[in-house]
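*Asks:* After the structure tokens below, expect a handful of questions from me.
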């Protein structure tokens, strides 16, 4: 019979708690994976934009130089300068304070404020470009001052290397921070996974341990259901199951054997005179004697108060049956001994044989019962064959 899962974990509440814990830890691992993926994506964007700052710095310097060159298209150069420098400044401010800027595709995106390691590089770069911010405002006007643009161009040329170095530092810091955060998140992820795995293993081993316990209890109860509680030998249920299997095989193989129905003579006076405890001790001793007399292939069972039955495959022939019955009678007569003075214990044995009396167990029992009463009517301490 299948064992309920709730029985394996002790109680439905414990089962539900274990499942909830398992699901919660699994969801935690999933959320951490999503968290890691989002953080890696954000870090990659930040690193790419830090790299773009180098390009924008050079583009700003180039646009200023073009704007101050003879015969240059000032409007185009002014526009390029404002676009490059405006995006450079906006992105730098987003790094410094956390805020919005434009991505490579032109769509707005939000940057987190850089950590302590990258903040000095960002602040230094902001201070360096501060003198150019006024020029950028003027360049957007219809009439820009060429001398101011020339000064801005000279300024950017002088400080371009320093700005590039600062942006390289920012990029390196962002990469290092990304690696550090990823390692931390991986550690958290690993911890959550280990907890989930440990919880899963606890469930599995708990179920296995409970299964062994339930299975052991089940085997114990099955054994108890198949054995006589007083004598420890097979009871009627176990005898019927085993006997029907033996008789079924005997029918197929045309084998012969004998069924003996045993009923004690003089047992009631012992119970009445010495009590049921003494009677129980006699029944236990007789069960041991019957099992000692039986062969390895025989089945011995107690099927009533002082009634026993034996199925003996391959026991056939009048002489062998008689010797076997004599041995049983002798073991019974010797049981009371000096412990029960003036009490005689005997036994009446009814015998039925197969295939002579067929292979049906109920029929063999009925014939043996009739033969046993005939033996008892003849004075007991004897056997009678159906």
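Just so it is clear, none of the values below were taken in a lab; they were calculated from the coordinates. Not measured: the values here are computed from a predicted model. Ideal geometry is used to build each Cβ from the backbone, glycine not excepted, and the neighbour counts take in all protein chains shown.
*Asks:* So how do 35-47, 78-90, 256-268 stack up, highest first, on mean other-Cβ count within 10 Å?
*Replies:* Ranking the peptides 35-47, 78-90, 256-268 by packing returns 256-268, 78-90, 35-47.
*Asks:* To continue, here is another question. Extension gain residue 216-residue 123, at 0.36 nm per residue separation less the Cα-Cα distance, in nm? Show your work: numbers first, answer last.
*Replies:* Numbers: separation 93, 0.36 × 93 = 33.48 nm, distance 7.39 nm.
Difference between extended and current length: 26.1 nm.
*Asks:* Rank the residues 343, 312 as a footprinting-exposure proxy: fewest other Cβ atoms within 10 Å of their Cβ go first.
*Replies:* 343, 312
*Asks:* If the viscosity is 0.890 mPa s and the temperature 25 °C, what translational diffusion coefficient in µm²/s does Stokes-Einstein give for the chain when Rh comes from Kirkwood over Cα pairs?
*Replies:* 81
*Asks:* So what is the 222 nm mean residue ellipticity for the chain from helices alone, if each DSSP H run of at least 4 adds -39500 (n - 2.57) and you divide by all residues, rounding to the nearest 500 deg cm²/dmol?
*Replies:* The helix-only estimate for the chain comes to -24500 deg cm²/dmol at 222 nm.
*Asks:* Given a Förster distance of 35 Å, report the FRET efficiency between residue 202 and residue 107 from their Cβ-Cβ distance, rounded to the nearest 0.05.
*Replies:* With R0 = 35 Å, the Cβ-Cβ based efficiency is 0.15.
*Asks:* Once you place label points 7 Å from the Cα toward the Cβ at residue 161 and residue 360, how far apart are they in nm?
*Replies:* Computed distance between label sites residue 161 and residue 360 equals 11.7 nm.
*Asks:* Against the longest principal axis of the chain, how steep is helix 146-226, in degrees 0 to 90 to the nearest 10, with axes from Cα atoms?
*Replies:* It is inclined by approximately 10 degrees.
*Asks:* Once you put a point 7 Å from the Cα of residue 292 and another 7 Å from the Cα of residue 116, both along the Cβ direction, what distance in nm separates them?
*Replies:* That separation, rounded to one decimal, is 9.0 nm.
*Asks:* I've got another one for you. Take the Cβ-Cβ distance between residue 48 and residue 168 as r, set R0 to 22 Å, and report the resulting FRET efficiency rounded to the nearest 0.05.
*Replies:* The pair residue 48/residue 168 has a calculated efficiency of 0.95.
*Asks:* With angles folded into 0 to 90 degrees, how steeply does helix 119-139 sit against the dominant principal axis of the chain? Use alpha carbons for both and round to 10.
*Replies:* For helix 119-139, the angle is close to 40 degrees.
*Asks:* Ok, one more. For a quick size check, give me the Cα extents of the range 30-118 along its three principal axes, largest first, whole Å.
*Replies:* 61, 27, 17
*Asks:* Can you work out the base-10 log of I(q)/I(0) for the range 266-383 at q = 0.16, 0.19 1/Å, using the Debye formula on its C-alpha atoms alone?
*Replies:* Cα-only, vacuum Debye calculation for the range 266-383: -0.78, -1.09.
*Asks:* Using only Cα atoms, find the angle between the long axis of helix 276-293 and the longest principal axis of the chain, and express it within 0 to 90 degrees, rounded to the nearest 10.
*Replies:* 90
*Asks:* Determine which residues of the range 188-216 fall in the zone a paramagnetic label at residue 21 would reach in this model, i.e. backbone nitrogen under 12 Å from the point 7 Å along Cα→Cβ.
*Replies:* 195-207
*Asks:* Need the full-extension length gain, residue 100 to residue 251, defined as separation in residues times 0.36 nm minus the C-alpha distance. One decimal, nm.
*Replies:* My answer for the length gained is 45.0 nm.
*Asks:* Can you give the FRET efficiency to the nearest 0.05 for residue 333 and residue 13, using r as the Cβ-Cβ distance and R₀ = 51 Å?
*Replies:* Values: r = 62 Å, r/R0 = 1.21.
Between residue 333 and residue 13 the formula returns 0.25.
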